[in-house]
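First the structure, in the form of structure tokens, and then the observations on it.
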Protein chains: 4
Amino acid sequence: MSTETITSPCACGARPGDGTHAVEVDPEAKHAIMSRLRRIEGQVRGLQKMVDEERYCADVLMQLSSVQEALRGVGRALLENHLRHCATEAIRSADPAKTEAIYEELMELMYKNAR
Amino acid sequence: MSTETITSPCACGARPGDGTHAVEVDPEAKHAIMSRLRRIEGQVRGLQKMVDEERYCADVLMQLSSVQEALRGVGRALLENHLRHCATEAIRSADPAKTEAIYEELMELMYKNAR
Amino acid sequence: MSTETITSPCACGARPGDGTHAVEVDPEAKHAIMSRLRRIEGQVRGLQKMVDEERYCADVLMQLSSVQEALRGVGRALLENHLRHCATEAIRSADPAKTEAIYEELMELMYKNAR
Amino acid sequence: MSTETITSPCACGARPGDGTHAVEVDPEAKHAIMSRLRRIEGQVRGLQKMVDEERYCADVLMQLSSVQEALRGVGRALLENHLRHCATEAIRSADPAKTEAIYEELMELMYKNAR
């Protein structure tokens, strides 16, 4: 596989290489996901501050819902990338075991993150 | 209201005092919520590390689901406290406006956090 | 308990009477819920027809999402009624066992239906 | 496309034929989905009976959650079939427009049904 075809932050293709790392990563997609996760970290610290300052609990809960929504958004972006790159590569390989594994992984991931 | 009756981390009772802070807070409940939020902050930093190290994206997504589950748990604890203390106080007040406001707030919070 | 105070379709108050039926029911609320459930029954038959006619599966899935949304709506209406009537009655009773039971029931119902 | 290769209840492949029907359907998968939908129709009628008999509302809500769970199960089965057959066909076609359309459709369907 040439590095030129790899454009996702996961670019895994059924766990190539050492099976725990991506072979190659698109810097832009990675940068965007990192920014969103740093913002989420800040929101979680904001929640701690609200609880520490004994803010009205319905306000804390509304803020917590925003963090949940932001995490769902990151999950959706990661899942779409996984589908477009790793899952696509596995499905196009036409290798039955690889394809079967990716179908099961995708169904599992969808139903875990999407709620 | 005497401080002895206040046992929730929100202890709000339809936004008393300045309307943005709780009047009094049970130290133990507050401590438990703070610990969980600090652990979640650590998990979010862990996610950043995984993305930075270009880990396999299905592994990142599984870890992200754990953070979502942990946040739902904090939300559930906050909501139960809100129900047991603030909402209970408002409902027992038998003040129609206060009671109506708390019903609407509870329904909104439930359907935002529970997903 | 006088019948005049009963205004919900469940009007249960911590399982009075035989413990499985409501004591009294507001005819209007009952009528509205029944209409919605009959419409949902029709939608489920519509789904069967789509599958039987071998319609495009994404169209079947979109229709299925509408049924899920409609059921969540009925659940939300039932839960709000339960909160406004049965739960309110139990909370106002100030009976610790009754109140504790209703808090736990409410939390369970919320997290089951709201997803 | 020969009819022999079609094995899903949707077998759509980016809306072939008249764009609203599947080209060919696997009888077994269709039969299983139909049975589940008929059982769900019966459960919805059961809900109507419970509301009509003025049963305790928490019991009605628990029953309603079972119907929601059963519908999610049917949605999951339909989505998995869509992924294994229609989506796979579109992804393997390597036609950029077809592939792009199926990625967007899959993401939309996942996040609608999975909750």
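The values are calculated or read from the model by the stated rules, or taken from the named source; none is laboratory data. Owing to the predicted nature of the structure, the values given are computational and were not obtained by experimental measurement. Virtual Cβ from ideal backbone geometry, glycine too; neighbours counted across all protein chains shown. Keep in mind that these areas ignore ligands, DNA and RNA; they rest on the heavy atoms of the full protein, side chains included. Shrake-Rupley method; radii C 1.70, N 1.55, O 1.52, S 1.80 Å.
Among the residues of this structure, D:R55 does not count as one that is surrounded by fewer than 16 Cβ atoms within 10 Å (Cβ to Cβ), without any contact (Cβ under 8 Å) to a residue 60 or more places away in the chain and either at the interface with chain C (Cβ under 9 Å from one of its Cβ atoms) or touching an Asp or Glu at 6+ places or on another chain (Cβ under 7 Å) (or both).
Going by what's in this entry, would B:A90 be described as modelled with pLDDT under 90, in a helix (DSSP H, G or I) and open to solvent by less than 10 Å² (accessible area, probe 1.4 Å)?
The answer is yes for B:A90.
Among the residues of region B:56-115, those that are more than 23 Å from C:E89 (Cβ to Cβ) and among the charged types (D, E, K, R) comprise B:D59, B:E69, B:R72, B:R76, B:K112, B:R115. Pairing residues of region D:88-111 that are in contact (Cβ under 8 Å) with a residue 24 or more places away in the chain with residues that are outside any helix (DSSP H, G or I), at Cβ distances under 6 Å and at least 6 apart in sequence or on separate chains, gives D:E89/D:G13; D:A90/D:A14; D:K98/D:A14; D:M110/A:A114.
Every residue, every condition in (1) within 30 Å of D:E108 (Cβ to Cβ); (2) more than 14 Å from the chain's Cα centre (by Cα), yes or no:
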site: C:R36; (1), (2): yes, no
site: C:E53; (1), (2): yes, yes
site: C:C57; (1), (2): yes, yes
site: C:S65; (1), (2): yes, yes
site: C:R72; (1), (2): yes, no
site: C:G75; (1), (2): yes, no
site: C:R92; (1), (2): no, yes
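Across region D:64-74, not a single residue is classified as in contact (Cβ under 8 Å) with a residue 12 or more places away in the chain, over 18 Å from C:S66 (Cα atoms) and either of a type in the set (D, E, K, R) or surrounded by 15 or more Cβ atoms within 10 Å (Cβ to Cβ) (or both).
None of B:M50, B:M34 is on the phi < 0 side of the Ramachandran plot, at the interface with chain A (Cβ under 7 Å from one of its Cβ atoms), free of Cβ contacts under 8 Å to residues at least 24 places away in the same chain and not in a loop (DSSP other than H, G, I, E, B) except B:M34.
Under the condition of being within 13 Å of D:C57 (Cβ to Cβ) and open to solvent by less than 30 Å² (accessible area, probe 1.4 Å), which residue from region C:95-112 is nearest to the other protein chains (Cβ to nearest Cβ)? Selected residue: C:L109. Condition check: open to solvent by less than 80 Å² (accessible area, probe 1.4 Å), modelled with pLDDT of 50 or more and either touching a Ser or Thr at 6+ places or on another chain (Cβ under 7 Å) or closer than 30 Å to A:E69 by Cβ (or both). Does A:E28 satisfy that? Spelling it out, it is not the case that A:E28 is open to solvent by less than 80 Å² (accessible area, probe 1.4 Å), modelled with pLDDT of 50 or more and either touching a Ser or Thr at 6+ places or on another chain (Cβ under 7 Å) or closer than 30 Å to A:E69 by Cβ (or both).
The single condition from (1) more than 7 Å from chain D (Cβ to nearest Cβ); (2) touching a residue at least 40 places away in the same chain (Cβ under 8 Å); (3) not acidic (D, E) that A:R84 fails is (1).
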